[in-house]
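S.K.: So that we are looking at the same thing, I have put the structure below in structure tokens.
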Amino acid sequence: MWIEALDLMLQKLSKSLDLSKVTAVSGSGQQHGSVYWKKGSATILSSLDPKKPLVDQLGDAFSTKESPVWMDSSTTAQCREIEKAVGGALELSKLTGSRGYERFTGPQIRKLFQTQPGVYDDTERISVVSSFMASLLIGAYACIDETDAAGMNLMDIRQRVWSKIVLEATAPSLEEKLGKLAPAHAVAGCIAPYFVERFHFNKNCLVVQWSGDNPNSLAGLTLSTSGDLAISLGTSDTVFGITDDPEPRLEGHVFPNPVDTKGYMIMLVYKNASLTREDVRNRCAEKSWDVFNKYLQQTPPLNGGKMGFYYKEHEILPPLPVGFHRYILENFEGETLDGVNEVEVKEFDPPSEVRALVEGQFLSMRGHAERFGLPSPPRRIIATGGASANQTILSCLASIYGCDIYTVQRPDSASLGAALRAAHGYLCSKKGSFVPISNMYKDKLEKTSLSCKLAVTAGDQQLVSKYAVMMKKRLEIENRLVEKLGRR
Ligand code: ADP
């Protein structure tokens with residue numbers, strides 16, 4: 001499917017664009033997914049016939065046609081085994097930037113090795129989705145970039161090399177199957193003759209390392225100040241920040257910054273995001289965002305102490321199973337938690353349910369981001385993703401975080417980031433050394449589609465402190481729920 005999509009996309013693009021003018025190409029692949037190349041496939045990859053579609057020539061190139069992607073959560077046993085082998089979940093996080101996560105590629109590889117050893121043995125190279133697409137474009141196996149590699153539970157994030165101890169805990173002879181790592185700004189190779197002949201690319205067109213969708217989003221949002229936070233409100237909600245000195249924890253992820261040789265990006269991911277907001281909208285707000293917004297406006301900030309936890313899907317952060325938990329905080333005024341008791345209830349009236357959901361999601365983000373050492377309050381938040389079009393939701397975000405909220409002009413930050421990185425990789429290659437990406441747009445940002453605009457100004461600071469008290473209570477209840485129901 002992915003191979004066919006590449007051919008189809010280039011066919012369409014070549015009708016409206018002169019591809020011979022393209023100087024460099026990069027791209028964005030969904031993080032964590034993996035592809036298994038069968039022994040001997042390097043030869044197929046390097047001798048593609050431009051007269052035939054890719055899909056007709058690569059049918060036999062894989063040891064398995066199943067590619068696990070980020071939605072898979074079947075590898076809990078493998079996560080625990082790998083964590084145990086390296087001295088525990090926190091140790092794995094310190095080494096690789098994350099504790100063992102089911103969707104991460106290392107546990108997925110271990111499961112393949114355990115359940116289909118024949119397939120594993122017959123595999124000569126394992127790509128992630130991003131390096132897989134780059135491999136097609138250069139007609140050879142492309143390296144995995146250091147940022148996407150941090151989504152595998154396999155790379156030492158400080159040294160930016162494969163971690164021997166984790167590789168050994170995952171599967172035998174893994175290093176040779178993974179190949180080498182490369183920084184995200186490196187050139188993977190020149191475009192393969194297949195694309196030169198079939199789509200008229202220039203033979204000198206560079207293919208810059210592809211990377212994952214989240215790192216590319218960070219690049220596309222031009223997040224380059226450590227006081228800034230980016231929050232993407234999409235199918236999953238993600239919080240991004242950057243830092244020079246990360247402290248990996250049991251929650252959240254640390255990746256190398258895809259546009260910097262030294263820094264790191266921090267990412268928190270929530271699975272219960274837009275689809276859970278849609279669920280509450282459909283149940284309580286007549287399936288309409290207008291009604292949903294009206295309810296948010298009708299209800300007071302802090303929701304009269306009504307607080308909810310809504311997990312329609314098995315949540316990543318906190319690690320809790322499907323379930324809804326609603327509480328009323330009695331005697332809650334927002335000044336102190338002394339004398340405040342929570343009482344569990346079965347339901348809220350529809351307007352309170354809507355506010356409990358939105359406040360709950362943002363309080364949870366603020367609490368976890370602070371625990372991770374991300375700036376509080378941030379200098380500003382750049383909001384993106386489908387729900388960032390909703391001004392009422394953004395107002396709630398500004399009240400809870402106490403900072404200005406900006407939105408970007410273009411929703412597709414991942415593909416925009418990949419295009420920027422292509423230009424960045426090209427510049428670095430021309431100069432023969434690393435060039436800061438901000439050199440490309442310094443002082444010119446306002447004139448480009450990369451500029452952000454102020455959507456909502458910071459909320460009332462007294463309210464921000466009341467939300468801080470509510471957040472503390474929320475984290476307390478959350479910890480108790482994790483103790484009782486959560487993954488260890
Ligand atoms: P993805 O993460 O898959 O790229 P998007 O960022 O495009 O997804 O976000 C899609 C989501 O945006 C939809 O699921 C929808 O719930 C949400 N959305 C779209 N418009 C609004 C709105 N006005 N208010 C709240 N949510 C919205």
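S.K.: Once each part is reduced to its C-alpha centroid, what is the distance from region 179-206 to region 44-91 in angstrom?
M.R.: Computed from Cα coordinates, the inter-centre distance equals 22 Å.
S.K.: How much mean residue ellipticity at 222 nm does the chain get from its helices, if each DSSP H run of length 4 or more adds -39500 (n - 2.57) and you divide by all residues, to the nearest 500 deg cm²/dmol?
M.R.: Helix-only estimate at 222 nm: -12000 deg cm²/dmol.
S.K.: Sticking with this one: Can you flag which of LYS21/LYS447; LYS294/LYS346; LYS94/LYS306; LYS177/LYS262 are past 29 Å Cα-Cα? Provide the component values of the computation, followed by the final result.
M.R.: Details: LYS21/LYS447 24 Å; LYS294/LYS346 23 Å; LYS94/LYS306 37 Å; LYS177/LYS262 27 Å.
Over 29 Å Cα-Cα: LYS94/LYS306.
S.K.: Among THR105, THR235, THR43, THR407, what is the fewest-to-most ranking by other Cβ atoms within 10 Å? Intermediate results must be reported in sequence, preceding the final value.
M.R.: Working: THR105 28, THR235 11, THR43 8, THR407 19.
In order of increasing Cβ crowding within 10 Å: THR43, THR235, THR407, THR105.
S.K.: Reachable aspartates and glutamates from LYS453, Cα under 13 Å, same-chain residues fewer than 8 places away excluded?
M.R.: ASP404
S.K.: From the alpha carbon gyration tensor of region 47-112, can you work out the equivalent ellipsoid semi-axes (sqrt of 5 times each eigenvalue) and give them in Å, largest to smallest?
M.R.: 35, 12, 9
S.K.: Evaluate 2.2 N^0.38 Å with N set to the residue count of region 213-488, then give the Cα radius of gyration divided by it.
M.R.: Dividing the Cα radius of gyration by 2.2 N^0.38 Å gives 1.03.
S.K.: Express the relative contact order of the chain as a whole percentage, based on alpha carbon pairs under 8 Å and six or more residues apart in sequence.
M.R.: 16
S.K.: By the scheme Lys and Arg +1, Asp and Glu -1, what is the net charge of all other residues having a beta-carbon under 14 Å from that of ASP338? All intermediate terms of the calculation are to be shown ahead of the outcome.
M.R.: On the way: positive: LYS472, LYS473; negative: GLU330, GLU333, GLU335, GLU342, GLU476.
Combined, the nearby Lys, Arg, Asp and Glu give -3.
S.K.: I'd like the distance between the alpha-carbon centres of region 364-441 and region 94-172, rounded to an integer number of Å.
M.R.: 27
S.K.: List the relative contact order of region 82-179 as a percent without decimals, with contacts defined as Cα pairs under 8 Å and 6+ residues apart. Provide the component values of the computation, followed by the final result.
M.R.: Numbers: 119 pairs, mean separation 34.2, N = 98.
Reported relative contact order: 35 percent.
S.K.: With all distinct Cα pairs included, what does the Kirkwood hydrodynamic radius of the chain come out to in Å, to one decimal, could you say?
M.R.: 23.7 Å is the Kirkwood radius here.
S.K.: For the pairs LYS65/LYS111; LYS84/LYS312; LYS312/LYS473, note any where the Cα-Cα span goes beyond 20 Å.
M.R.: Violating the 20 Å limit, Cα to Cα: LYS84/LYS312; LYS312/LYS473.
S.K.: Convex hull over the Cα atoms of region 2-209, averaged projected area in nm²? Mind showing how you got there, number by number?
M.R.: Values: hull surface 43.4 nm².
Its Cα hull, projected and averaged over all orientations, spans 10.9 nm².
S.K.: Still on this structure: Which distance in nm do the two modelled labels at ASP56 and LYS12 give, with both placed 7 Å along the Cα-to-Cβ direction?
M.R.: According to this spin-label approximation, the distance is 2.2 nm.
S.K.: Can you work out the FRET efficiency for the pair LYS430 and ASN341, with r the C-beta to C-beta distance and R0 = 56 Å, to the nearest 0.05?
M.R.: Result of the calculation: an efficiency of 0.30.
S.K.: Can I get the semi-axes of region 281-364's equivalent ellipsoid? Compute them from the C-alpha gyration tensor as square roots of 5 times the eigenvalues, in angstrom, largest first.
M.R.: Equivalent ellipsoid of region 281-364: 21, 18, 11 Å, largest first.
S.K.: For region 98-140, compute Rg over Rh where Rg is the Cα radius of gyration and Rh is the Kirkwood radius from the inverse mean 1/r over Cα pairs.
M.R.: 1.05
S.K.: How large is ³J(HN,Hα) for each residue in region 298-314, as worked out from phi by the Karplus curve 6.51 cos²θ - 1.76 cosθ + 1.60 (θ = phi - 60°), to whole Hz, x for Gly and Pro?
M.R.: Once θ is set to phi - 60°, the couplings for region 298-314 become 6, 8, x, x, 6, 6, x, x, 8, 9, x, 10, 10, 10, 7, 10, 3 Hz.
S.K.: List the aspartates and glutamates whose Cα lies under 16 Å from the Cα of LYS164, skipping any in the same chain that are fewer than 8 positions away.
M.R.: GLU81, GLU83, GLU91, GLU146, ASP156, GLU175, GLU176
S.K.: About its Cα centre, how strong a charge dipole does the chain have in debye, to the nearest 20, once Lys and Arg get +1 and Asp and Glu get -1 at the Cβ?
M.R.: Numbers: 56 positive and 56 negative charges, 181 e Å.
Using only the charged Cβ atoms, the result is roughly 860 debye.
S.K.: Then there is this: If each residue of separation counts as 0.36 nm, what is the full-extension length gain between ALA140 and ASN204 once their alpha-carbon separation is subtracted? Intermediate results must be reported in sequence, preceding the final value.
M.R.: Values: separation 64, 0.36 × 64 = 23.04 nm, distance 1.59 nm.
21.5 nm is the gain from fully extending ALA140 to ASN204.
S.K.: Over region 2-209, what is the relative contact order in percent, taking alpha-carbon pairs closer than 8 angstrom and at least six residues apart?
M.R.: It rounds to 28 percent for region 2-209.
S.K.: Antiparallel DSSP bridges in the chain: what percent, to the nearest 5?
M.R.: Around 75 percent antiparallel, to the nearest 5.
S.K.: Would you mind getting the Kirkwood hydrodynamic radius of region 423-477 from its Cα pairs, rounded to one decimal in Å?
M.R.: Taking every pair of different Cα atoms in region 423-477, averaging 1/r and inverting gives 15.5 Å.
S.K.: Another question, if that's okay. Taking Rh as the Kirkwood radius computed over C-alpha pairs, what is the Stokes-Einstein D of region 349-431 at 20 °C in a medium of viscosity 1.002 mPa s, expressed in µm² per second?
M.R.: Translational diffusion coefficient: 142 µm²/s.
Values quoted throughout were computed directly from the atomic coordinates according to the rules given, and no laboratory measurement underlies them. As the structure is a computational prediction, the values presented were derived from the model and not from experiment. A quick note on method: Cβ atoms are made from the backbone with ideal geometry, for glycine too, and the neighbour counts reach across all protein chains shown.
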